[in-house]
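Below: one structure, written as structure tokens.
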Amino acid sequence: MEHRERLGEFTYVWEKCCFPLGGDSLALGAFATVRPGWRVCDLGCGAGALGILLLARERTLRLTGVELDAAAAELARRNLRENGLEGEIVTGDLRAPEYLPPAGSCGLVVSNPPYFAPGTGRSGGGARMGHSCSTEDLCAAAARSLKNGGRFALVHRPERLCDLVSILRAHGLEPKRMQLVRHSAAHSPSAVLLEAVRQGKAGLDILPDLVR
């Protein structure tokens, strides 16, 4: 069954092969640093919501999406085409270098990855469960794709923050910006937005919490 969502001036189409557009993707699309002309890669792009959100902010971005699921990748191509947006969607495994942009070519890599490993019993449903790709695989792909000084922005669960920082640093990605997301001042954070810089210096800027 086909679903349609409005993203500002654009329309986002998704089907059951993708998880629905949610607040975490919207928050990440607004949080990530963008600069005119940057090459941008969305790892695990699904039906391409993040790419649309980033291109809405800066139309000169050179976008590549990498997606393992062929049906989701075709939807991402359709979403770009029907919205008159430019970009390339690659169907393939982000662990394989041939499916990634050329090494050291990207100014920004983004990802809204699965939050939980299969079989952990955590909530979130199948669409928020990982397959064989780990957080280490994701960070390795981001580090390979980024130029020195390039940025990797992702959203994840707050309880994974210590693991995320450790894994990012192991791949030469220094956390530089962080923002917690919560539903209200009375709620505990539901997500963490984190942006790391390849070969960046130590020093983390913690932004005010995003309440949505």
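The values are calculated or read from the model by the stated rules, or taken from the named source; none is laboratory data. As the structure is a prediction and not an experimental result, all values here were calculated from the model. A quick note on method: Cβ atoms are made from the backbone with ideal geometry, for glycine too, and the neighbour counts reach across all protein chains shown. Areas reflect the complete protein model, heavy atoms only, side chains present, ligands, DNA and RNA absent. Shrake-Rupley method; radii C 1.70, N 1.55, O 1.52, S 1.80 Å.
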Item to check | Which labelled figure in (i) 18.9, 70; (ii) 17.5, 54; (iii) 15.9, 47 is Rg and Dmax of the Cα atoms in Å, once derived from the coordinates | outcome: (iii)
Checklist entry - Restricting to the chain, what percent of DSSP beta bridges are antiparallel, rounded to 5? => result 45
Item to check | Charge dipole (the chain, unit charges on Cβ, about Cα centre) - positive-most of 97, 135, 27 | outcome: 27
Checklist entry - Once the whole set of protein chains is in place, how much accessible area is left on residue 3, using a 1.4 Å probe, in Å² to the nearest 10? => result 60
Checklist outcome for this item: Sorted by chain and number, the residues with a modelled amide H under 5 Å from that of residue 150, at a separation of 5 or more or across chains, are 198
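Treat every Asp and Glu Cβ in the chain as -1 and every Lys and Arg Cβ as +1, leave all other atoms uncharged, and give the resulting dipole magnitude about the Cα centre to the nearest 20 debye. Numbers along the way, then the final one.
On the way: 26 positive and 23 negative charges, 106 e Å.
Computed about the Cα centre, the dipole is about 500 debye.
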Checklist outcome for this item: Given 70-76, 107-113, the highest-first ranking by average Cβ count within 10 Å works out to 107-113, 70-76
Next on the checklist: At 24 angstrom or more along the helix axis (alpha-carbon based) and mean Kyte-Doolittle of 0.5 or higher, what helices does the chain contain? Whole DSSP H runs only.
Outcome noted: none
Item to check | Derived scalar couplings ³J(HN,Hα) [the range 37-48; Karplus, 6.51 cos²θ - 1.76 cosθ + 1.60; whole Hz; x for Gly, Pro] | outcome: x, 4, 7, 10, 10, 9, 8, x, 6, x, 8, x
Checklist entry - Around residue 63, which amide H atoms from residues at least 5 apart in sequence, or from another chain, sit under 5 Å from its own amide H, with H modelled in the peptide plane? => result 40, 88
Item to check | Cross-link partners of residue 201 among lysines (Cα-Cα below 27 Å; sequence separation of 8 or more within a chain) | outcome: 147, 176
Checklist outcome for this item: Counting only residues 5 or more apart in sequence or on a different chain, those whose built amide H sits under 5 Å from that of residue 11 are none
Checklist entry - Packing-wise, with mean Cβ within 10 Å as the measure, how do 14-25, 51-62, 176-187 rank, highest first? => result 51-62, 14-25, 176-187
